[in-house]
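Here is the structure we will look at, set down as structure tokens.
The values are calculated or read from the model by the stated rules, or taken from the named source; none is laboratory data. Bear in mind the structure is a predicted one, so any value in this text is a computation, not a measurement. Glycine also receives a Cβ, built like all others from the backbone with ideal geometry; neighbour counts cover every protein chain displayed. These area figures cover heavy atoms from the full protein model, side chains too; ligands, DNA and RNA do not enter into them. Shrake-Rupley method; radii C 1.70, N 1.55, O 1.52, S 1.80 Å.
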Amino acid sequence: MFELVQALNDGAEELKRRSPNPISLNAGCELFIAFVTLFPHESDNFAELKKELEQQGRKYAAEALAFRDKIAELALGFIKDDSVILTHSHSRVVLRALLHAHKTKRISVYVTESRPRGLGLRTYEALTAAGIPCTVVLDSAVAYVMDQVDFVLVGSEAVVESGGLVNYVGSNQMAIIAKAANKPFYALAESFKFHRLFPLSQYDLPTHNPNILSFATPPSAEQGSASASAAPAASTKDSGNLGRSSPPAERAMTQEQIARNPGVDYTRWVQRCAQEAHVGILTPEGVSQYLVGMFAG
């Protein structure tokens, strides 16, 4: 058994090494390894045990596909008719819940653009294709739109032991604004995303590294002078368009600038209302108790 667990740990480390955001992957691997460790069996040899573990693993994987449908059904309880909902980025479980609610209720959705990857646009396209009124809002306009919504609904990369939430960057500030505006904040998550992690700050997340929020080396004097000398040439090129108004060019972050920013953030439990998993609606305290029971067997 020791060699099997060691092999699973090695495999999990290799999977995490290949993933740019391994938090949810780490939670799933951790849960499966705990399952293998605590699995009661009466096998006479390792071959039988391996076969039984494989069968149970495949059974759980098949059942996991239905978790989002269970969460969508549970979410109907707090999605009222004519609700205006604010969501963040793109979450498959949130999208499933909204599409399911649209079958029986009238809802409207604001979704953040979620830069730099623009994942909110995927949510917008899916909702509008289904006939749900939807508007994309800037990430910086969350406070502006908050008074227009009934509640906030987000997904999660992981739910941690404190009852806190790890999700796409921007979720934390959204929760802070929702709390200030006295708006309910709900997070939807499958139970295999419950993670034995207890971060005290953003910098305790496994995705944090020294490059995030580091200061770039300023360009040298030679580079600066070269940029300055190139500017007149550009203005000369455009001299024929003097007197004509043209829209300003849109600026975008470079890949290096994007790499210096976090991909996920941590939302503390005091800023949220409830977590919802396929096992039911849980308060932050309930999340902690569920995690203890999950890994205690």
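Only one of the numbered conditions (1) more than 17 Å from Arg68 (Cα to Cα); (2) open to solvent by 60 Å² or more (accessible area, probe 1.4 Å); (3) in contact with an Asp or Glu (Cβ under 9 Å, 6 or more places away or on another chain) is violated by Pro116, and that is (3).
Here is a yes/no grid of residues against (1) open to solvent by 90 Å² or more (accessible area, probe 1.4 Å); (2) hydroxyl-bearing (Ser, Thr, Tyr):
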| site | (1), (2) |
| --- | --- |
| Leu25 | no, no |
| Ala34 | no, no |
| Gly57 | no, no |
| Phe67 | no, no |
| Lys70 | yes, no |
| Ser83 | no, yes |
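For segment 157-182, the tally of residues that are without any contact (Cβ under 8 Å) to a residue 60 or more places away in the chain and in a loop (DSSP other than H, G, I, E, B) stands at 2. Restricting attention to segment 135-151, the residues that are part of a loop (DSSP other than H, G, I, E, B) and open to solvent by 20 Å² or more (accessible area, probe 1.4 Å) add up to 2. Note on segment 252-274: residues that are modelled with pLDDT of 90 or more and basic (Lys, Arg) amount to 1. Considering the conditions (1) surrounded by 15 or more Cβ atoms within 10 Å (Cβ to Cβ); (2) in a helix (DSSP H, G or I), Ile132 is excluded by exactly one of them, (2). Summed over segment 183-226, residues that are among the hydrophobic types (A, V, I, L, M, F, W, C), part of a helix (DSSP H, G or I) and either modelled with pLDDT of 85 or more or under 17 Å from the mean Cα position of the chain (by Cα) (or both) total 1.
Annotation note: Cβ proximity below 8 Å between a residue of segment 82-106 that is within 15 Å of Thr123 (Cα to Cα) and a residue that is part of a helix (DSSP H, G or I) and open to solvent by 60 Å² or more (accessible area, probe 1.4 Å) (sequence gap 6+ or interchain) occurs for His90/Arg122; Arg96/Asp69; His100/Asp69; His100/Glu73.
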